[in-house]
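Following: one structure in structure tokens, then a few remarks.
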Amino acid sequence: MEFEEKTVSSELIYKGNITEFWVEEVLLPNGKQASRELVKHAGAAAIMPFTSDGKMVFVKQFRKAIEKTILEIPAGKIDDTDKDPLETGKRELEEETGYQAATFELETSFYSSPGFTNELMHIYRAEGLTKIDQPLLQDEDEFLEILTLTFEEAWEAYEQQIIIDAKTVFALFYWKMKLGKMD
């Protein structure tokens, strides 16, 4: 059976700074039509920044969509000026934490929630961190606290649902696997 849905019509409802909202009418494999509400996104990059003493750098910030302050790995939207997701990740690491890294390695890419959005998240591991004297400025609407945590401290934050977003949960389980703590 073919599972593809063919687009019959597509209407842009709203175009914001980060996302676009579309309603598409589709033809289903069984010949019937359905409506799909979609959020289109340029994609994002996130960084798992590891310090030389084996800790990870997190940012603490309030997230309006969930009305909660959480801990996250540094991340941001891919801009039109970025050549690739790694460039985005490097910029976000410096803007959000004041660090640069000597090495970056792509660990994974995944769609954050393909039922309604095409956002593709790229996650890099960064090592060889150096604190910069005059880092790139944070976005003017961004208020962050930088925390450097051990695995045990980060795991406790996860258990307390302070680490709760997909990219950071991935980072935490990646870290757990690398430490050989998988049960």
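If you filter the stretch 103-124 down to residues that are of a type in the set (A, V, I, L, M, F, W, C) and open to solvent by 40 Å² or more (accessible area, probe 1.4 Å), you find that the one that is farthest from Glu20 (Cα to Cα) is Phe104.
Among the residues of the stretch 124-183, those that are of a type in the set (Gly, Ala, Ser) and more than 17 Å from the chain's Cα centre (by Cα) comprise Gly128, Ala154, Ala157, Gly180. Among the conditions (1) of a type in the set (A, V, I, L, M); (2) over 20 Å from Thr19 (Cα atoms); (3) surrounded by fewer than 19 Cβ atoms within 10 Å (Cβ to Cβ), Ala65 misses just one, which is (2). Asp80 meets the conditions (1) open to solvent by 30 Å² or more (accessible area, probe 1.4 Å); (2) on the phi < 0 side of the Ramachandran plot; (3) touching a Lys or Arg at 6+ places or on another chain (Cβ under 9 Å) in every case but one. The failed one is (3).
Please determine whether any residue of the stretch 132-141 is of a type in the set (D, E, K, R), in contact with a strand residue (DSSP E or B) (Cβ under 6 Å, 6 or more places away or on another chain) and open to solvent by less than 80 Å² (accessible area, probe 1.4 Å). Scanning the stretch 132-141, I find no residue that is of a type in the set (D, E, K, R), in contact with a strand residue (DSSP E or B) (Cβ under 6 Å, 6 or more places away or on another chain) and open to solvent by less than 80 Å² (accessible area, probe 1.4 Å), so the answer is no.
Within the stretch 11-47, the set of residues being open to solvent by 30 Å² or more (accessible area, probe 1.4 Å) and at positive phi comprises just one member, Gly31.
The values are calculated or read from the model by the stated rules, or taken from the named source; none is laboratory data. Remember, it's a predicted structure, so these values are computed and weren't measured experimentally. Reconstructed Cβ throughout: ideal geometry from the backbone, glycine too, with neighbour counts over all protein chains shown. Heavy atoms of the whole protein, side chains included, go into the accessibility calculation; ligands, DNA and RNA do not. Shrake-Rupley method; radii C 1.70, N 1.55, O 1.52, S 1.80 Å.
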